[in-house]
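K.L.:
For reference, the structure I am asking about is given below.
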Amino acid sequence: MAAASPSVFLLMVNGQVESAQFPEYDDLYCKYCFVYGQDWAPTAGLEEGISQITCKSQDVRQALVWLPIDVTFKSTNPFGWPQMVLSVYGPDVFGNDVVRGYGAVHVPFSPGRYRKTIPMFVPESTSKLQKFTSWFMGRRPEYTDPKVVAQGEGREVTRVRSQGFVTVVFNVVTKDMRKLGYDTGPTDTQATWGTSPAQGLPH
């Protein structure tokens, strides 16, 4: 008897938030979460994570925020392909935790190993008075829900300023995408589910 055709495909993502570069700041920590479409659902691993507070190394001006990533999704179509949203926080001069950067990146579409450098940004006050008031009160502008970073609605009316970079390493494995008619490239993984393809680190 012929095996039944799969009705869903799987996307396995692991790796790590490798490092962050914020030359003006120290004692940072990082949060991440995934944003995806209605047809997607997590089947294993963690959708969210938070790192420890880390300091810059002595020889390189970067704050290491080692943070593992390990999650598996299932879906019936690629629409709403998962995005990773990153938020970096640190203390201000008054010791309050304030956001130091937001950023988002799509999980790579093809199986393989990737290193992505994500430019970060922070919302800005719309006037000098608001900027001074927020600094004095220790309440900097920030998003109520960081997931808005992965969405287009309303972003065009938000004033932002570039600030820092975060580097993320992804190991991506797919299963049954080609059986459902989706071409993920020559490295599509069909048999070795659970292992990472041996590739380089394209940017």
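The values are calculated or read from the model by the stated rules, or taken from the named source; none is laboratory data. What you see is a predicted model; the values in this text were computed from it and never measured. Here the Cβ is made from the backbone with ideal geometry for all residues, glycine too, and neighbour counts use every protein chain on show. Heads up: the accessible areas ignore ligands, DNA and RNA and are worked out on the full protein's heavy atoms, side chains in. Shrake-Rupley method; radii C 1.70, N 1.55, O 1.52, S 1.80 Å.
K.L.:
Considering F79, F94, which residue is modelled with pLDDT under 90 and aromatic (F, W, Y)?
P.N.:
Exactly one of F79, F94 is modelled with pLDDT under 90 and aromatic (F, W, Y), namely F94.
K.L.:
Test of understanding: among L129, L201, L180, which residue is open to solvent by less than 70 Å² (accessible area, probe 1.4 Å), of a type in the set (A, V, I, L, M, F, W, C) and modelled with pLDDT under 65? Show your work before the answer.
P.N.:
Values: L129 fails: open to solvent by less than 70 Å² (accessible area, probe 1.4 Å); L180 fails: modelled with pLDDT under 65.
Only one candidate passes the filter, namely L201.
K.L.:
Then there is this: Is it the case that some residue within segment 153-164 is at pLDDT 75 or above and among the acidic types (D, E)?
P.N.:
No - not one qualifying residue is present in segment 153-164.
K.L.:
Any residue at all in segment 39-48 that's open to solvent by less than 50 Å² (accessible area, probe 1.4 Å), assigned to a strand (DSSP E or B), closer than 18 Å to M120 by Cβ and modelled with pLDDT of 85 or more?
P.N.:
Within segment 39-48, not a single residue is open to solvent by less than 50 Å² (accessible area, probe 1.4 Å), assigned to a strand (DSSP E or B), closer than 18 Å to M120 by Cβ and modelled with pLDDT of 85 or more.
K.L.:
Please determine whether any residue of segment 104-115 is under 24 Å from E47 (Cβ atoms), at pLDDT 80 or above, open to solvent by 80 Å² or more (accessible area, probe 1.4 Å) and part of a loop (DSSP other than H, G, I, E, B).
P.N.:
yes
K.L.:
Could you tell me whether segment 28-36 includes any residue that is open to solvent by 60 Å² or more (accessible area, probe 1.4 Å), modelled with pLDDT of 90 or more and more than 30 Å from Q163 (Cβ to Cβ)?
P.N.:
no
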